Amino acid sequence: MYYIEKIPLTDASFLAGSIGEPGPGETAWAAGTHAVGAEVIRPGLHRVFRCAVARTGANTDPPEVDTASWNDMRSTKRWIPLGPITRADGKLVHENRVLQRTDADIEYHLQMRYANAVAIFGMAGASWVVEVYPTTTSPSPVVIRTGTIKAPAYGYWDYAYGQRRLRDRVLVTDLPIYPAAKVVVKITGSGSQLRAVRQIEVGKLRFLPGVNWGGVQAGLRRSPRAYSYRKEESDGSSTTLLYGSTYDMAGQIKLDGKGEDDALVQLRGLLGKGVAFAPTLAQGFEQSLVFGTLETADTVRDSRPLTTIDFQIRGLPT
C-alpha cells in the first residue's frame, strides 16, 4: 500500500503564477458597508465569510471576531483543492468543492522541499501537467510529466455519441527531489473549455513495509458510493441532497513479521486523516487511487514470519 505524506503548505509556499488570494471574483474584507449576503475573504485565514447582519463603517471587527454577523462558509479559491483546512473556529474540515475556470488554465506554483509525488483528483479539461524545477528561480524544468484527461474523439460520431476514456485522477511518482524545488501543477484546456480540480496532494511517496513482499493481495475491493442526505416527509415526499461521490477501498496486505512494528507506527499516524492512497503502482490500477481516511487496519500475526493487515479506507468526495 502506497500513500502520500503531504508536505504542509504555508503562505510562503505559493509562488508567482499560483491561483491568487483573493482569487478571481473574490474580495478581501475591509471595514465598511456590507449588505446581507455579501461575501468577503480573510486571506490570513484562507476563508470566505458571508454577511448575515448588515455592517457599516462603524463595525471594525473582522468576520472571524464578529461571528454573530458573519458566517464562515468555505475555503478561498486558492485553498479549495488543498484541504483539509482549519476553519476560523479551529476545526479541521474537508470540503467537497471544485475549483473551476473557463477563462484560463488552473496553475499552482509551489515551493516544495523534497517532494517526489503528486496526486490529482477530480480533474476536468484537456490535460494535466506536473513540472519540477530545481530552485524557485530556475528558468527551465528538469522534469515535465503530462497526460490527457479525456481521450480525443476519433470522428464526429465519437465526438457526439462516443464513450470516450476519462481519467479524472492521476498519481505522478519518481519526481526528482531538491531542498527548495518549485513544483508546478497545471490543469489545461483551450478557449472556454472547463478546467476543474477537486484535490491536489503534493508530498513524499511512502509505503507500508509489506509492499515489497506481496503488497496488496488479490481481493482488493473498491466500492463506489455517493455522499447524500435524504429526508422523508410525513406526506410521503422526500428531499435528497447530493454532496458528490467517491469510493471506499478495502483489502489485505501481507508482510514479513519483522516489519510489523514499523507498519503499526505508520498505521497509527494515518488513522483519521485525509490521505491519498494507492494499492499498487502497477499498470491497470491507476484509477484505484483514492483520497480518504484510513478507518481500520486490523493487524494479525499469522505465523512467526508473516503478518496480515486488513484495511478499510473510507473515501472522501473527490
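Looking across the range 101-121 at every residue that is part of a strand (DSSP E or B) and β-branched (Val, Ile, Thr), the one that is nearest to the chain's Cα centre (by Cα) is identified as Ile120. Restricting the first member to the range 134-152 and to residues that are under 21 Å from Ser13 (Cα atoms) and modelled with pLDDT of 95 or more, and the second to residues that are surrounded by 13 or more Cβ atoms within 10 Å (Cβ to Cβ) and among the basic types (Lys, Arg), the beta-carbon pairs closer than 6 Å and six or more apart or on different chains are Thr136/Lys182. Residues that are of a type in the set (A, V, I, L, M, F, W, C) and open to solvent by 60 Å² or more (accessible area, probe 1.4 Å) within the range 265-297 comprise Val265, Leu271, Leu281, Phe285, listed in sequence order. Within the range 27-50, which residues are exposed (fewer than 12 other Cβ atoms within 10 Å of the Cβ) and either in contact (Cβ under 8 Å) with a residue 40 or more places away in the chain or touching a helix residue (DSSP H, G or I) at 6+ places or on another chain (Cβ under 7 Å) (or both)? Residues satisfying the conditions do not exist here. For the range 191-202, the set of residues classified as surrounded by fewer than 21 Cβ atoms within 10 Å (Cβ to Cβ) and touching a residue at least 12 places away in the same chain (Cβ under 8 Å) consists of Ser192, Gln193, Leu194, Ala196, listed by residue number.
Taking the stated definitions as given, is Arg314 touching a strand residue (DSSP E or B) at 6+ places or on another chain (Cβ under 8 Å) and open to solvent by 80 Å² or more (accessible area, probe 1.4 Å)? Yes; evaluated as a whole, the condition is true for this residue. Cβ-Cβ contacts under 9 Å between residues 6 or more apart (or on different chains), taken from a first residue in the range 290-303 that is under 14 Å from Tyr3 (Cα atoms) and in contact (Cβ under 8 Å) with a residue 40 or more places away in the chain to a second residue that is open to solvent by 50 Å² or more (accessible area, probe 1.4 Å) and part of a strand (DSSP E or B), are listed as Val290/Arg222; Gly292/Arg314. Summed over the range 1-26, residues that are farther than 21 Å from Arg113 by Cβ and exposed (fewer than 12 other Cβ atoms within 10 Å of the Cβ) total 2. Annotation: Arg304 fulfils all but one of (1) within 24 Å of Thr173 (Cα to Cα); (2) surrounded by fewer than 16 Cβ atoms within 10 Å (Cβ to Cβ); (3) among the basic types (Lys, Arg); (4) in contact with a Gly (Cβ under 9 Å, 6 or more places away or on another chain); the unmet one is (1).
The values are calculated or read from the model by the stated rules, or taken from the named source; none is laboratory data. These numbers were taken from a predicted model, which means no experiment stands behind them. With ideal geometry, Cβ positions are generated from the backbone for all residues, glycine too; neighbour counts draw on all protein chains shown. Heads up: the accessible areas ignore ligands, DNA and RNA and are worked out on the full protein's heavy atoms, side chains in. Shrake-Rupley method; radii C 1.70, N 1.55, O 1.52, S 1.80 Å.
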